[in-house]
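Visitor: Below you will find the structure I want to go over with you.
Readers should treat all values here as calculations from the given coordinates under stated rules, not as data from a laboratory. Every value quoted in this text rests on a predicted model; they were computed, and no experiment measured them. Positions of Cβ are generated from backbone atoms using ideal geometry, with glycine treated the same way; all protein chains shown enter the neighbour counts.
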Amino acid sequence: MALTPKRVAFFDVDNTLIRGSTLYFLGRGMYQRGFFTKADISRFVLANLRFRLTGKENKEEIKRFQDAATGFIGGHKVEDIHTIAQEIYDEYVSPACWQGTIDIAQKHLSNGEEVWLVTAAPEDMAILIAHNLGFTGAIGSKAEVKDGFYTGEMSGNLLHGREKAIAIEKLAKEKGFDLSTCYAYSDSHHDLPLLEAVGHPTAINPDAALNLRALGEGWPIHDFRRLRYINRIIGPAVSRLAAAGIWLVPRKRKR
């Protein structure tokens with residue numbers, strides 16, 4: 001009797017699993033530890049921002065981001081960066097995780113399904129995040145290593161757009177996954193190839209283009225940003241009312 005192929009859930013990371021950019025957190029932590037200058041971090045942040053705001057596949061911006069993704073760790077010991085990366089995870093990444101996304105991933109794990117992260121961020125950092133959250137594994141952009149040091153170059157292509165779909169197709173062949181039974185989660189329309197490669201795509205915190213596509217296709221949509229948005233709008237108003245002596249919140253609690 002043939003075994004049923006294991007089902008897998010693939011999760012994008014930036015703005016799907018965590019609020020913000022993995023590379024930004026890594027760069028910020030390294031800057032604070034004296035690894036590079038303000039000019040270095042400024043160039044990195046600009047490349048990251050321009051990449052995120054590009055509305056279409058732009059090879060020039062992808063190349064700039066690719067250089068930024070590996071250039072700032074070039075020349076540093078792999079062991080040292082791994083140690084610092086754990087500190088950065090504890091300090092910045094863990095507090096920025098969307099609990100709703102983690103809950104979805106944990107449900108997959110409870111059902112006996114594997115959970116893999118798929119991200120344009122350095123694979124070493126993605127693996128560390130997956131390990132800390134108890135996920136199965138991670139696929140990311142591979143930074144080249146020589147003699148225990150990062151060279152500052154990338155090994156292979158930036159894991160972006162169609163490259164993510166290619167990566168999970170390769171993993172499926174290696175491990176015997178049936179992608180038609182698998183799941184994928186992302187916030188970005190750039191990840192449509194990833195979402196379309198599986199049988200069960202879902203949008204999490206979607207950008208406008210992905211939101212429209214998900215609505216049109218009938219894909220599930222989860223938006224964990226709404227409560228934070230409501231709090232940002234209502235919170236200041238409540239504070240002003242309280243300062244004026246209008247104690248609305250205590251009255252509600254008595255009911």
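Visitor: Within segment 134-152, is even one residue assigned to a helix (DSSP H, G or I) and within 16 Å of the chain's Cα centre (by Cα)?
Guide: No; the residues of segment 134-152 include none that is assigned to a helix (DSSP H, G or I) and within 16 Å of the chain's Cα centre (by Cα).
Visitor: Filtering segment 180-224 down to residues that are in a helix (DSSP H, G or I) and either of a type in the set (S, T, Y) or touching a Gly at 6+ places or on another chain (Cβ under 7 Å) (or both), which residue is surrounded by the most Cβ atoms within 10 Å (Cβ to Cβ)?
Guide: H190
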